[in-house]
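*Asks:* Before anything else, here's the structure in question.
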Amino acid sequence: MNKGTAIVGFFLCFLAGMGLMWGISHRSEEIAMEGESGPIDHTTAKIPVDPATDPIWGDLAAPVTIVEISDFQCPFCNRVNPTIKQIKSEYGPQKVRIVWKNNPLPFHKQALPAAEAAVAVFKAAGGGKKGSETFFKFHDLLFQNQKELTEGNFEKWAGQVGVDVAKFKELAKDRDTKAKVQKDLAMAQSIGARGTPNFRINGVEVSGAQPFNKFKEVIDKELAEAQRLRASGVPASEIYLKRIEKNAGSEQAEPEAKKPDQQEPAEDTTIWKVPVHQDDPQKGPADALVTIVEWSDFQCPFCGRVEPTLKKIEETYGQDVRVVWKDNPLPFHPRAKPAATLARMAYDKGGDAAFWKAHDILYDNQKEIEDENLQKYAGELGLNWAMVKKAIDDDKYGDRFQQSMDEAMDLKARGTPHFFVNGYRVSGAQPFEKFKEVIDKQLAEAKKLVASGTPRAKVYDKIMETAKGPPPPETKDVPACNDCPFRGPANAKVVIQQFSDFQCPFCSRVEPTVTQVEKEFAGQVKVVWRNLPLPFHKNAPLAAEAAMEAFEQKGNAGFWKFHDALFEKQREPGALERTGLEKLALEQGLDLTKFKAALDSHKHKAKVDADAKVGQDAGITGTPGFVIGKYWLSGAQPFGQFKKLVGLAMKDN
């Protein structure tokens, strides 16, 4: 052990002994681990790796890092586990390290508590290497017993892997434990890892339960790149940082080698038309030459991380910069909207000064924003807690938050924090130097405008005059269907044609949102089902035919009942195969003889194919897809996107 290793080791042991490794004020990103080629600190990478908080298999300085973004209740995540074991066996810990990140999907009810239990096991075992070893034992038990993910079993399995059960139970309820899962979720969203399992191999995406050969292609290429970097003098400790920087934007599961004349994607240099409203909280003079519009979330750890940078910007640029706040409470941060409501109440009472006071309190105490905490902060802000609580419960500012979120969607400001500096996009918790580079350039342009006669107070408006607005919503011309299953009034003002696939996990995920749309616009929308079974979902065509037989036998009510059951059972083995479909038909009281005959003869295949052709003719190739009036919405989008397009469709009628 060299001297540096000993010092770092002693320091970490001292922190652990003082109880600071997992305390409220824990800043794991500031702790560097030591390797044979120097300090290893990958906590600031776009896809961060932190040995203090992340379960890791393999050596810290392994040349290939596989970040596994997964869900303990997801059957596809379970299905890929033998492949992961094969990777471990084939390459060993000196070539590959595997890092676990949680992404419990919202429609897997036991996934979130299972993830929190796994974090608690890691912590109860002491974190680090020992915590990782214990975590992966617990991980195996969770997947082996995937249909029995209960609190009682979590406690039992925690004992089986050797942690103190009482300590485990205490840690499972700890806010830091829950915050770790939320941090993983935020990271997954920030890099676009929506489904599970999702893997990033030195930043290269491999999506889904792919076979071993798919992983091998990417791993072998990354090993070769790592060897090239080592030969050029790059320390082993920096290989991950170099490769993640190179690969982090890749959306290809099987990237091809770039030709010499191919260029890296250019940075977005567009100046965007970013609205600033009279009731947007602002800090800094109204005649500042540079306006920074920030979309943020009070529960987002990355938003908290960028706060010191923003304060440094204010100190550096003084009267030349103003900051404008926009709310974007992300759906997987359950305390973001209540916190934003408290800040809004402060703004309504005391304007900008009161808002920024609330803002600072919330970020200074970001891990303590439960109702009892907000009640305390309300007192510090001179707010009536009963009124604040009612505003939270009534979603008083829901429409205002939605307006801000819609603006973010229009500008493709995905994730938080997201900034526009005089309309120039800066995404994420970037360092001060990145902001400075952009601000200095925009400040110089603003000074030119002033020199040419534009008043300081009109500089932002002048820039926005020629800025690029968001593109109009895409439209598609899809003919109406008079013999399709539908829900809602036959003569509804807005028709939503839903192109979907019963085996598609994203189609399942969007169903609660569709239900929310129907509830929000009750009596005003009609949802029409169009079949679009994708060719790589082998059970989807027959499931679609089965649902159409339910429609023929029992009309709309029968179809939607069968539809709901198909999505509910989607992940169960055999549920969408012939025997599973027949079992479901029997459970739902369909005439089984007619049902079997319809599937035998493929009676409804022509209808399913006709729906698919309508979609294909309109350029719809993926699912789910929605034509709302004439407006096109692709994918399992959040409610706000549906609401916006329904509103536009209503104005058209």
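The values are calculated or read from the model by the stated rules, or taken from the named source; none is laboratory data. Predicted, not measured: the structure shown is a model, and the values here were computed from it. Please note: Cβ atoms are built from the backbone with ideal geometry, for glycine as well, and neighbour counts cover all protein chains shown.
*Asks:* I'd like to check something: does the range 77-91 contain any residue that is in a loop (DSSP other than H, G, I, E, B), among the charged types (D, E, K, R) and at negative phi?
*Replies:* no
*Asks:* Could you tell me which of the residues G640, G615 is touching a strand residue (DSSP E or B) at 6+ places or on another chain (Cβ under 6 Å), surrounded by 14 or more Cβ atoms within 10 Å (Cβ to Cβ) and in a helix (DSSP H, G or I)?
*Replies:* Details: G640 fails: touching a strand residue (DSSP E or B) at 6+ places or on another chain (Cβ under 6 Å).
After ruling out the rest, the residue left standing is G615.
*Asks:* Only one residue in A413, A429 is under 16 Å from K46 (Cα atoms) and at pLDDT below 95. Which one? Give the derivation first.
*Replies:* Values: A413 fails: under 16 Å from K46 (Cα atoms).
When all the criteria are applied, what remains is A429.
*Asks:* Answer yes or no as to whether R400 is in a loop (DSSP other than H, G, I, E, B) and out of contact with any His (no Cβ under 8 Å at 6 or more places or on another chain).
*Replies:* Spelling it out, it is not the case that R400 is in a loop (DSSP other than H, G, I, E, B) and out of contact with any His (no Cβ under 8 Å at 6 or more places or on another chain).
*Asks:* Next question, about the same structure. When you scan the range 572-607, how many residues do you find that are at pLDDT below 95, surrounded by fewer than 15 Cβ atoms within 10 Å (Cβ to Cβ) and either of a type outside the set (D, E) or touching a helix residue (DSSP H, G or I) at 6+ places or on another chain (Cβ under 7 Å) (or both)?
*Replies:* Within the range 572-607, residues that are at pLDDT below 95, surrounded by fewer than 15 Cβ atoms within 10 Å (Cβ to Cβ) and either of a type outside the set (D, E) or touching a helix residue (DSSP H, G or I) at 6+ places or on another chain (Cβ under 7 Å) (or both) number 2.
*Asks:* Here's something else I'd like to know. Quick check: anything in the range 447-455 in the same structural domain as P329 (by TED's automatic domain parsing), in contact with a Leu (Cβ under 6 Å, 6 or more places away or on another chain), in contact (Cβ under 8 Å) with a residue 40 or more places away in the chain and over 18 Å from E294 (Cα atoms)?
*Replies:* no
*Asks:* Is at least one residue of the range 446-464 crowded, with 21+ Cβ neighbours inside 10 Å, among the small types (G, A, S) and under 24 Å from the mean Cα position of the chain (by Cα)?
*Replies:* Taking the range 446-464 and keeping what is crowded, with 21+ Cβ neighbours inside 10 Å, we get 446, 459-460, 463.
Add one more test, that the residue is among the small types (G, A, S), and what stays is 446.
Imposing the further condition that a residue be under 24 Å from the mean Cα position of the chain (by Cα) reduces the set to none.
Looking through the range 446-464, none of the residues is crowded, with 21+ Cβ neighbours inside 10 Å, among the small types (G, A, S) and under 24 Å from the mean Cα position of the chain (by Cα).
*Asks:* Does the range 141-184 hold any residues that are closer than 27 Å to P573 by Cα and either in contact (Cβ under 8 Å) with a residue 24 or more places away in the chain or among the hydrophobic types (A, V, I, L, M, F, W, C) (or both), and which are they?
*Replies:* Within the range 141-184, L141, L142, F143, Q146, L149, T150, E151, F154, W157 meet the criteria.
*Asks:* Further question: Do we have T579 as free of Cβ contacts under 8 Å to residues at least 24 places away in the same chain, β-branched (V, I, T) and within 21 Å of F499 (Cβ to Cβ) here? I'd like the intermediate steps shown before the answer.
*Replies:* On the way: free of Cβ contacts under 8 Å to residues at least 24 places away in the same chain: yes; β-branched (V, I, T): yes; within 21 Å of F499 (Cβ to Cβ): no.
No.
*Asks:* For the range 113-176, please list each of the helices (runs of 4 or more DSSP H) lying entirely inside it that holds at least 3 residues being aromatic (F, W, Y) and at pLDDT below 95.
*Replies:* Answer list for the range 113-176: none.
*Asks:* Can you find even one residue in the range 254-269 that is in contact with a Pro (Cβ under 9 Å, 6 or more places away or on another chain), modelled with pLDDT under 95 and of a type outside the set (F, W, Y)? Walk me through it before giving the result.
*Replies:* If we filter the range 254-269 for residues that are in contact with a Pro (Cβ under 9 Å, 6 or more places away or on another chain), which is where we start, we get none.
So far as the range 254-269 goes, no, none of its residues is in contact with a Pro (Cβ under 9 Å, 6 or more places away or on another chain), modelled with pLDDT under 95 and of a type outside the set (F, W, Y).
*Asks:* As an exercise: evaluate D501 against (1) buried (at least 20 other Cβ atoms within 10 Å of the Cβ); (2) without any contact (Cβ under 8 Å) to a residue 60 or more places away in the chain; (3) among the acidic types (D, E) and give the number of the one condition it does not meet.
*Replies:* Against the list (1) buried (at least 20 other Cβ atoms within 10 Å of the Cβ); (2) without any contact (Cβ under 8 Å) to a residue 60 or more places away in the chain; (3) among the acidic types (D, E), D501 comes up short only on (2).
*Asks:* From the list V527, V517, pick out the single residue that is within 28 Å of D399 (Cα to Cα) and part of a strand (DSSP E or B).
*Replies:* V527
*Asks:* Same structure, new question: Of the residues K367, K283, K349, which single one is modelled with pLDDT of 95 or more, touching a helix residue (DSSP H, G or I) at 6+ places or on another chain (Cβ under 7 Å) and on the phi < 0 side of the Ramachandran plot? Let's see the steps before the verdict.
*Replies:* Working: K367 fails: modelled with pLDDT of 95 or more; K349 fails: touching a helix residue (DSSP H, G or I) at 6+ places or on another chain (Cβ under 7 Å).
Step by step, each of K367, K283, K349 is checked, and only K283 is modelled with pLDDT of 95 or more, touching a helix residue (DSSP H, G or I) at 6+ places or on another chain (Cβ under 7 Å) and on the phi < 0 side of the Ramachandran plot.
*Asks:* Given the conditions (1) at pLDDT below 95; (2) assigned to a helix (DSSP H, G or I); (3) under 22 Å from the mean Cα position of the chain (by Cα); (4) not aliphatic (A, V, I, L, M), and given that K434 satisfies all but one, which numbered condition is not satisfied?
*Replies:* Result: K434 passes all but (3).
*Asks:* Given the conditions (1) within 30 Å of A446 (Cβ to Cβ); (2) free of Cβ contacts under 8 Å to residues at least 60 places away in the same chain, and given that D348 satisfies all but one, which numbered condition is not satisfied?
*Replies:* That leaves (1) as the condition not met.
*Asks:* How do the pairs read when you match residues in the range 474-485 that are charged (D, E, K, R) with residues anywhere that are part of a strand (DSSP E or B), using Cβ under 6 Å and keeping only pairs 6 or more apart or on different chains?
*Replies:* E474/W632; K476/V627; K476/W632
*Asks:* Name the pairs: first residue in the range 505-531 and assigned by TED's automatic domain parsing to the domain that holds G195 and closer than 23 Å to K569 by Cβ, second residue of a type in the set (D, E) and outside any helix (DSSP H, G or I), Cβ to Cβ under 7 Å, at least 6 apart or on different chains?
*Replies:* As it stands, the answer is none, since no pair meets every condition given.
*Asks:* Can I ask one more? For the range 490-508, which residues satisfy the criterion of being touching a strand residue (DSSP E or B) at 6+ places or on another chain (Cβ under 7 Å) and of a type in the set (F, W, Y)?
*Replies:* F499
*Asks:* Can we say A540 is outside the structural domain of I191 (by TED's automatic domain parsing), hydrophobic (A, V, I, L, M, F, W, C) and either touching a strand residue (DSSP E or B) at 6+ places or on another chain (Cβ under 6 Å) or crowded, with 17+ Cβ neighbours inside 10 Å (or both)?
*Replies:* When the stated conditions are applied, A540 passes them.
*Asks:* Return a yes/no flag: does the range 219-242 have any residue that is more than 20 Å from V80 (Cα to Cα), in contact with a Gly (Cβ under 6 Å, 6 or more places away or on another chain) and crowded, with 19+ Cβ neighbours inside 10 Å.
*Replies:* Checked against the condition, which is being more than 20 Å from V80 (Cα to Cα), in contact with a Gly (Cβ under 6 Å, 6 or more places away or on another chain) and crowded, with 19+ Cβ neighbours inside 10 Å, the range 219-242 yields at least one hit.
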